[in-house]
Amino acid sequence: MAYREVAMVDVKEVLRLWMAGVARKRIAAQLGLDPKTVRRYVRTAMRAGLRPSDDEATLTDERVAVVLVALKAVPTRPHGAAWVDCVRHEATISAYLKQGVRLTKIRKLLRRQGVDLPYATLRRFAIAACGFGRTAPTVPVADCGPGEEVQVDTGWMTLLAPDADGRRRRFRAWIFTAVYSRYRFVYPCFGETTASAIEACEAAWAFFGGVFRVLIPDNTKAIVATADPLQPHVVAAFREYTQARGFHVDPTRVRHPRDKARVERSVPSVREDCFGGEVLRDLTASRTHAVTWCRDDYGGHIHTRTQRRPREHFEAEEQAHLRPAPTEPYDIPLWSTPRVARDHFAQVAKALYTLPTRFIGQTLTARADRALVRFYHHGALIKVHPRQPPGGKAIDRSDFPPEKTAYALRDVAFLQRQAAEQGVAIGRLAQALLDGPLPWTRMRQVYALLGLVRRFGAARVEAVCADAVAVELFDVHRLKRMLVHARAPESGPAPAAVPPARYLRPVAQYALRPVSGAPEGGAA
């Protein structure tokens, strides 16, 4: 049976008139109540110890509160047999609930033991006796001081207006909310990347007029590389940015929205109130609209929690406590982990950079800004190159092996010097081979000439090259055949004298004798 709920003042007035001797029906007519309601109040007061003959001074607030509690008590009825069975198996039900077993499964397990319970009764008992379905009580986190914390969240917004091809693009937004004043800043972007996070922070510091001491993001991959409740690892590029701007990052735990409750429901609010129904042509127009909305619309309405306008609250009490805003734009670095290929090149932002031979096959850490590209190996700086545009190359000759550098870089002067060191004639032949409009096309011939020096020795090649240069023979293949077929000079003792022949006749036995003083080739 439902009754009208009456306030404490009405109950006290009914009892005061009753103790003054006024009839119940007259009390009901005077106060606009049902006579049965007045009778129920009077009976409850009599059970609480009040009498019509008592003095009105005895009707204190404490005694009226006792009557009011008795009136609001819900009448109970005895539990049935199913509830008794639940009480008998309370320990079993509690043990199953601690293990995470569902109530429907618990009911099946009890049925196997011969206990058939209605699901409704089992659920009421689990809620009343075992704490099932009750969330743990929470304690609100105390607000920080002015200028200390700003919480950031990101989410999808609406679609931009159709472009020239009729396509519409959806954009995201970084949402910054000052914990102390609840002042808010919205920065639309297309991608949730580390670069866009840094751009959003830079725009937020310009909007707030300073830098907060602590930034509280969720575990977005743009800021947090590895989520951990105790020691989260921040992305290297963003960690470097925090060091440059002088603030700390305190990421929330995974799937713990209460860690940043001030902004957890801000994404639907911004999407519907800021961008809902707006016609925005591009990202620039959406950013301009977001700033206007944050300052004039959201910043000008009274916040339900602080009961103050966020913009006035921020400018009056919080803005003066911020760190100074940056005066120069931040050079956003690009961090990557390139692998050094066999050709000594590592690729960073679609450009190639040389590394020494000992790092071939290893994965390095590269940091590229607008001016330089730095390469690190196990945290140590090993190479610095000037930044190149996409498709460009930065080459350091000292990174290549000396024996391969000349050919790779078409250094004909190096080859000519190397040949001249082996001999004068070899140098002259190499110079003759390289003399022409396209000298790098004949570098292989000089390499072949130096190979002959290593095979036959500099002295033999020098002698043959002297003869070749004298007759203007500039063919390395013929030079090689000359070295292969020529008899090598023999070294050792001089050969012994040949004994005279056995049948050698003396000169007197010859009929014609040479005449002294006669011309050569003349008759005797």
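Of ALA161, ALA142, ALA126, which residue is of a type in the set (A, V, I, L, M, F, W, C) and surrounded by fewer than 12 Cβ atoms within 10 Å (Cβ to Cβ)? Walk me through it before giving the result.
Working: ALA161 fails: surrounded by fewer than 12 Cβ atoms within 10 Å (Cβ to Cβ); ALA126 fails: surrounded by fewer than 12 Cβ atoms within 10 Å (Cβ to Cβ).
Residue meeting the stated conditions: ALA142.
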Filtering the stretch 333-350 for residues that are under 20 Å from ALA236 (Cβ atoms) and either of a type outside the set (Val, Ile, Thr) or at pLDDT below 90 (or both) leaves a count of 9
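I'm trying to understand the selection: among the residues of the stretch 251-277, which are surrounded by 15 or more Cβ atoms within 10 Å (Cβ to Cβ) and of a type in the set (D, E, K, R)? Spell out the reasoning first.
Applying the first criterion (surrounded by 15 or more Cβ atoms within 10 Å (Cβ to Cβ)) to the stretch 251-277 yields 251-253, 259-264, 266-267, 270-271, 274-275.
Hits for the stretch 251-277 are ARG253, ASP259, LYS260, ARG262, GLU264, ARG271.
Within the stretch 186-199, can one find any residue that is aliphatic (A, V, I, L, M), outside any loop (DSSP other than H, G, I, E, B) and more than 18 Å from TYR241 (Cα to Cα)?
Here is the first cut: in the stretch 186-199, the ones aliphatic (A, V, I, L, M) are 186, 195, 197-198.
Applying the additional criterion that residues be outside any loop (DSSP other than H, G, I, E, B) yields 186, 195, 197-198.
Those left that are additionally more than 18 Å from TYR241 (Cα to Cα): 186.
Yes, because at least one residue in the stretch 186-199 is aliphatic (A, V, I, L, M), outside any loop (DSSP other than H, G, I, E, B) and more than 18 Å from TYR241 (Cα to Cα).
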**Request:** Report whether or not GLU264 is at pLDDT below 95, touching a His at 6+ places or on another chain (Cβ under 7 Å) and not polar (S, T, N, Q).
**Result:** no
Taking first residues from the stretch 278-299 that are surrounded by 15 or more Cβ atoms within 10 Å (Cβ to Cβ) and second residues anywhere that are among the small types (Gly, Ala, Ser) and at pLDDT 95 or above, the pairs with Cβ under 6 Å that are 6 or more apart or on different chains are LEU280/SER286
Pairs returned, first residue in the stretch 345-362 that is without any contact (Cβ under 8 Å) to a residue 12 or more places away in the chain, second residue that is of a type outside the set (S, T, N, Q), beta-carbon separation under 9 angstrom, 6 or more apart or interchain, are GLN347/PRO338; GLN347/ARG339; GLN347/ALA341; GLN347/TYR353
Of the conditions (1) free of Cβ contacts under 8 Å to residues at least 40 places away in the same chain; (2) among the aliphatic types (A, V, I, L, M); (3) surrounded by fewer than 17 Cβ atoms within 10 Å (Cβ to Cβ), the single one that VAL42 does not satisfy is (3)
A careful count of residues in the stretch 223-249 that are free of Cβ contacts under 8 Å to residues at least 40 places away in the same chain and closer than 22 Å to PRO333 by Cα gives 12
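For every residue, the table says whether it meets (1) surrounded by fewer than 16 Cβ atoms within 10 Å (Cβ to Cβ); (2) assigned by TED's automatic domain parsing to the domain that holds ASP273; (3) not in a loop (DSSP other than H, G, I, E, B).
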position: HIS303; (1), (2), (3): no, yes, no
position: THR306; (1), (2), (3): yes, yes, no
position: PHE314; (1), (2), (3): no, yes, yes
position: PRO326; (1), (2), (3): no, no, no
position: ASP343; (1), (2), (3): yes, no, no
position: GLN347; (1), (2), (3): yes, no, yes
position: LEU352; (1), (2), (3): no, no, yes
position: ARG358; (1), (2), (3): yes, no, yes
Flagged in the stretch 246-272 as in contact with a helix residue (DSSP H, G or I) (Cβ under 6 Å, 6 or more places away or on another chain) and part of a helix (DSSP H, G or I), in numbering order, are none
Residue hits (the stretch 20-38; touching a helix residue (DSSP H, G or I) at 6+ places or on another chain (Cβ under 6 Å) and under 22 Å from ASP55 (Cα atoms)) are ARG24, LYS25, ILE27, ALA28, VAL38
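Quick check on this structure: which one of THR135, THR154, THR104, THR158 is over 42 Å from the mean Cα position of the chain (by Cα) and polar (S, T, N, Q)? Give the derivation first.
Working: THR135 fails: over 42 Å from the mean Cα position of the chain (by Cα); THR154 fails: over 42 Å from the mean Cα position of the chain (by Cα); THR158 fails: over 42 Å from the mean Cα position of the chain (by Cα).
After applying the criteria, what remains is THR104.
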Looking across the stretch 273-300 at residues that are touching a helix residue (DSSP H, G or I) at 6+ places or on another chain (Cβ under 8 Å) and outside any helix (DSSP H, G or I), the single one that is farthest from LEU159 (Cα to Cα) is GLY300
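One line per residue, one yes/no per condition, for (1) within 30 Å of PHE208 (Cα to Cα); (2) out of contact with any Lys or Arg (no Cβ under 6 Å at 6 or more places or on another chain); (3) assigned to a loop (DSSP other than H, G, I, E, B):
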site: ALA126; (1), (2), (3): no, yes, no
site: PRO137; (1), (2), (3): no, yes, yes
site: CYS144; (1), (2), (3): yes, yes, yes
site: VAL150; (1), (2), (3): yes, yes, no
Can you confirm whether ALA45 is part of a helix (DSSP H, G or I) and in contact with a Lys or Arg (Cβ under 9 Å, 6 or more places away or on another chain)? yes
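The values are calculated or read from the model by the stated rules, or taken from the named source; none is laboratory data. The shown structure was predicted, so the numbers you read here are calculated from the model rather than taken from an experiment. Counting neighbours? That spans all protein chains shown, and the Cβs are built from the backbone with ideal geometry, glycine included.
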